1. Quick one: in the range 143-164, which of the residues that are surrounded by fewer than 24 Cβ atoms within 10 Å (Cβ to Cβ) and aliphatic (A, V, I, L, M) is nearest to Gln97 (Cα to Cα)?
2. Being more than 14 Å from Arg51 (Cβ to Cβ) and part of a helix (DSSP H, G or I) is the filter here; which residues of the range 248-261 pass it?
3. Does any residue of the range 26-39 turn out to be at pLDDT 95 or above, over 28 Å from Lys269 (Cβ atoms) and surrounded by 16 or more Cβ atoms within 10 Å (Cβ to Cβ)?
4. Filter the range 71-97 for residues that are open to solvent by less than 40 Å² (accessible area, probe 1.4 Å), away from the ligand (no atom under 13 Å from the Cβ) and within 21 Å of Ile10 (Cα to Cα) and give the result.
5. What are the residues in the range 273-297 that are open to solvent by 10 Å² or more (accessible area, probe 1.4 Å), touching a residue at least 40 places away in the same chain (Cβ under 8 Å) and over 21 Å from Gly221 (Cβ atoms), if any?
6. Can you find even one residue in the range 104-116 that is more than 16 Å from the ligand (Cβ to nearest atom) and either open to solvent by 10 Å² or more (accessible area, probe 1.4 Å) or of a type in the set (A, V, I, L, M) (or both)?
7. Pull up the range 1-25, narrow it to residues that are within 22 Å of the chain's Cα centre (by Cα) and exposed (fewer than 10 other Cβ atoms within 10 Å of the Cβ), then point me to the one that is nearest to Lys218 (Cα to Cα).
Amino acid sequence: MSQIRPQPGIMEIAPYVGGKSRVDGVSNVTKLSSNENPFGPSPAAQEAVKRSAHELHRYPSTDHADLRAAIAETHGLNADRIICGVGSDEIISFLCQAYAGPGDEVLFTEHGFSMYRISALAAGATPVSVPERERVTDVDALLAGCTDNTRLVFIANPNNPTGTMIGLAEIERLAEGIPPQALLVLDGAYAEYVEGYDGGAKLVEARDNVVMTRTFSKLYGLGGLRVGWGYGPIDVIDVLNRLRGPFNLSSTALAAAEAAIRDTAYVEKCREENTRLRAILSEALAEHGVPCDTSTANFVLARFGSQQEAEDCDIFLQKQGLIVRRVAGYNLPNCLRITVGDEPSCRRVAHCVGLFKAGER
Ligand SMILES: *Cc1c(COP(=O)(O)O)cnc(C)c1O
């Protein structure tokens with residue numbers, strides 16, 4: 001047997017499975033499987049991408065000063081406590097590399113985002129999952145799951161794929177109750193969808209054991225460019241910056257993200273449309289006998305009677321050219337996650353679920 005072997009933990013990683021984007025034999029599909037913004041990126045971000053084409057022979061900024069300043073101005077934050085990464089996935093990965101290794105535990109909830117497990121294993125640490133309470137993050141279960149070996153506690157708020165969220169008082173209780181060697185990570189990939197929610201930024205500033213991650217992939221519609229950021233105590237940001245490659249973000253990605261975050265009118269419009277369309281979608285599904293938890297994000301988690309019914313419905317929808325997300329891998333076998341698309345897509349997916357429930361398969 002070969003003596004060339006990967007580090008412990010790596011072969012335990014089940015490779016990430018992204019949302020499908022095609023169906024064999026169907027040419028015109030509507031993709032509602034990856035929580036993308038159906039309206040695309042801000043026109044200002046698209047312009048910035050085109051302008052960047054003239055400067056592609058230049059290396060990009062290494063300190064991301066302009067983007068960090070734009071983020072800080074828009075959200076009223078301290079630019080020195082911001083780090084930008086190749087998607088928030090890279091920030092999650094830095095956190096695991098920096099703070100968890102063999103013998104350490106990385107804690108998250110049973111329906112938590114799959115990158116927490118993957119990044120923990122990649123760092124050689126032990127992923128530990130605790131139950132949720134009816135698809136809602138359970139702070140008591142997380143606190144009970146903490147040990148002397150817990151180094152990182154991840155929650156997404158709102159959570160993916162459930163769409164539910166917990167209040168700031170609960171998050172504060174969690175930050176207060178975790179052991180002294182542990183860092184709480186608030187994954188705010190969907191924070192922009194919640195009017196008036198700061199993703200936990202104030203809590204980051206008030207404490208020394210909380211980090212927030214954010215992304216340009218969801219509401220800003222820039223998933224293809226891969227930009228995310230983290231906000232944390234200055235010492236933590238310094239640690240993460242030591243792991244960060246000097247040119248981790250391309251000049252095109254930096255320029256687009258900066259233009260996108262400054263286009264606050266576009267952000268506002270997308271948030272409002274999402275709220276309106278999410279209500280249309282979840283009410284229509286409920287009328288067809290398919291309940292959803294109250295979602296605060298840009299998707300809903302549709303609950304079926306059984307795993308078989310969820311799978312049959314998924315197959316039926318695919319035949320109609322509608323791609324949604326199976327979430328059995330998130331321990332939710334009888335559910336399908338449906339991204340809030342534009343109005344015709346929302347109405348069509350609800351209509352087709354209705355046809356399926358009415359037995360027209
Ligand atoms: C989509 C998503 C992310 C990250 O996405 P990036 O594209 O890497 O920024 C992080 N956390 C959750 C919960 C997500 O759903």
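The values are calculated or read from the model by the stated rules, or taken from the named source; none is laboratory data. Note that the structure is a prediction, hence the values are computed from the model and not measured. Here Cβ is always computed from backbone atoms with ideal geometry, including for glycine, and neighbour counts include all displayed protein chains. In case anyone asks, the SASA skips ligands and DNA or RNA and just uses the protein heavy atoms, side chains included. Shrake-Rupley method; radii C 1.70, N 1.55, O 1.52, S 1.80 Å.
1. Leu143
2. Here is the first cut: in the range 248-261, the residues more than 14 Å from Arg51 (Cβ to Cβ) are 248-249, 261.
Within the range 248-261, just Ile261 meets the criteria.
3. No, the conditions are met nowhere in the range 26-39.
4. Cys96
5. Ala284, Glu287, His288, Gly289, Cys292, Asp293, Thr294
6. Our first condition is that a residue be more than 16 Å from the ligand (Cβ to nearest atom); within the range 104-116, this holds for 104-105.
From what is left, the residues that are either open to solvent by 10 Å² or more (accessible area, probe 1.4 Å) or of a type in the set (A, V, I, L, M) (or both) are 104-105.
Yes.
7. Per the stated criteria, the residue is Gly18.
Residues are listed down the side, and each one gets a yes or a no for (1) small (Gly, Ala, Ser); (2) modelled with pLDDT under 95; (3) touching a Leu at 6+ places or on another chain (Cβ under 6 Å):
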{"residue": "Thr137", "(1), (2), (3)": "no, no, no"}
{"residue": "Gly177", "(1), (2), (3)": "yes, no, yes"}
{"residue": "Val194", "(1), (2), (3)": "no, no, no"}
{"residue": "Gly199", "(1), (2), (3)": "yes, no, no"}
